[in-house]
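The values are calculated or read from the model by the stated rules, or taken from the named source; none is laboratory data. This structure is a prediction, so every number in the text was calculated from the model and none was measured. Counting neighbours? That spans all protein chains shown, and the Cβs are built from the backbone with ideal geometry, glycine included. Keep in mind that these areas ignore ligands, DNA and RNA; they rest on the heavy atoms of the full protein, side chains included. Shrake-Rupley method; radii C 1.70, N 1.55, O 1.52, S 1.80 Å.
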Amino acid sequence: MSTSMSLPIKFLPFLLILFFSSSLAIPLSYNVLSFGARPDGQTDSVKSFLAAWAQACGSAEAATIYVPPGRYLLSNVVFQGQCKNNDITIRIDGTLVAPADYHVIGNAENWILFEHVSGVSINGGVLDGQGAGLWACKKSDNSNCPSGATTLRFSNSDNVVINGLASVDSQMFHIVINGCNDVKVQGVKVSAAGDSPNTDGIHVQSSSGVTILDSKIGTGDDCVSVGPGATNLWIENVACGPGHGISIGSLGKEQQEARVQNVTVTSVTFTGTQNGVRIKSWGRTSSGYARNILFQHALMNNVDNPIIIDQNYCPDNENCPGQASGVKISDVIYQDIHGTSATEVGVKLDCSSKNLCTGISLEDVKLIYKNQPAEASCTNADGSASGFVLPNSCLKT
Ligand SMILES: *[C@@H]1O[C@H](CO)[C@@H](O)[C@H](O)[C@H]1NC(C)=O
């Protein structure tokens, strides 16, 4: 009965766990350096990244692609599914850099595209779109500027996770989720100049079950924009600014358009933004609608339009003047929204003369302009107010 005899028996479970985890559970890992990627910021590493992707995607088991620290120059790249497994993790400790010459990626729609994938997670990493040259071109009235590439797009994909990623200076949109189901975007940081054109932070459209959490977005356009066909969308704990706020829209650009339904925006902070929570639609005929929207627990710091519905959007007076928006907006709740407005009108509900906004609810709203209550302006908006509401509600009940 010596104690030395009991030691191996005690360790047996650990040995078994070690044995099984090494033979079964540890995923295959592909380091992009072993496929020839160069962390020098100058050699295009697309071929190496695609070779690593081919291995991970072709594997019958879960696989990891690892990008060590360093700067990796990448031109346009498409990570194409379907894959043979639905558990691929891309762990990025480095920075992916777009070519300095914006023409190289700027005529394609996307810089980094994932298409028809399932169960892909991106963990960490910095994506540097080097967009400043293109922004300057666009601002110089030069009509030969390319329209620019979205930095990261997931298209027609399921079970996607984007965690701890930073996107800086995108040419156009930073992150686009299009045609996807069940996407979690968490701990993401977006930064671009406050006057950079069309650099939306995260754009979601034609997708269901997208969650955006714990993220910080400062950019030149919408922090988050929500396009047609977005349903069951949850946005929580996002800090926005500079930027144009969190926007549903523009909707109603097309005659036939998918709906936006069941969107929750909660615990968000806006700092010096053009808008806070916004719904906007083109002032022209359309079949679209937006309903069951909850804007909750928002703090406004010096925001031009803290609460706004604009159904008369008509940039460049293009095919809309004199028309009413066909988009029907209903059941929108504004709950616990407070802080400061940078303009007199803190609540502006400018709805369609053809489709009144209905079921608009203001609950515990308090917006201040220069130490006075802000004003409210309503056009074609029906609904109710409850709790403490300042400015006084202008809704027709
Ligand atoms: C609304 O969306 C949330 C996710 O954001 C989901 O959990 C909930 O079930 C959806 N509600 C309905 C009625 O579909």
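Quick notes on this one:
- Apolar share of the accessible surface for the chain: 51 percent from carbon plus sulfur atoms, 1.4 Å probe.
- Disulfide-incompatible cysteines by the Cβ rule (no partner under 4.7 Å) in the chain: 180
- Partners of residue 328 within straight-line reach, counting lysines whose Cα lies under 23 Å from its Cα and excluding those fewer than 8 residues away in the same chain: 253, 280, 348, 354, 396.
- Across the options 285, 329, 238, the greatest Cα extent toward the positive end of the charge dipole of the chain (unit charges at beta carbon of Lys, Arg, Asp, Glu) belongs to 238.
- Residue among 108, 167, 27 farthest towards the positive dipole end of the range 27-204, charges placed on Cβ: 27
- For residue 161, the amide hydrogen comes within under 5 Å of the amide hydrogens of 120, 121, 122, 184, counting only partners 5 or more places away or on other chains and with H modelled in the peptide plane.
- FRET efficiency for the residue 206 to residue 344 pair, using the beta carbon distance and R₀ = 41 Å, is estimated at 0.65.
- Label reach from residue 107 (point 7 Å along Cα→C-beta): in the range 122-153, amide nitrogens under 14 Å belong to 144-149.
- Cα-only Debye scattering, the range 17-163: base-10 log of I(q)/I(0) at q = 0.10, 0.12, 0.14, 0.18 Å⁻¹: -0.37, -0.52, -0.68, -1.04
- Here the relative contact order of the chain, from alpha carbon pairs under 8 Å that lie six or more residues apart, stands at 7 percent.
- Placing +1 on each Lys and Arg Cβ and -1 on each Asp and Glu Cβ, with no other charges, gives the chain a dipole about its Cα centre of roughly 440 debye.
- Remark on the chain: ratio of C-alpha radius of gyration to 2.2 N^0.38 Å is 1.13.
- More than 21 angstrom apart: percent of Cα pairs within the range 222-397: 42
- Cα→Cβ-extended label distance, 7 Å offset, between residue 266 and residue 379, nm: 3.4
- Full extension of the chain between residue 54 and residue 353 yields a length gain of 102.2 nm, computed as 0.36 nm times the residue separation minus the alpha carbon distance.
- Across the range 217-234, rounded Karplus estimates of 3J(HN,Hα) from the backbone phi angles (6.51 cos²θ - 1.76 cosθ + 1.60, θ = phi - 60°) give 10, x, 7, x, 9, 4, 5, 10, 10, 10, x, x, x, 8, 9, 6, 9, 10 Hz, Gly and Pro being marked x.
- Span from the the range 314-392 Cα centroid across to the the range 187-201 one, whole angstrom: 26
- Efficiency of FRET between residue 139 and residue 301 - r from beta-carbon atoms, R0 25 angstrom, step 0.05: 0.40
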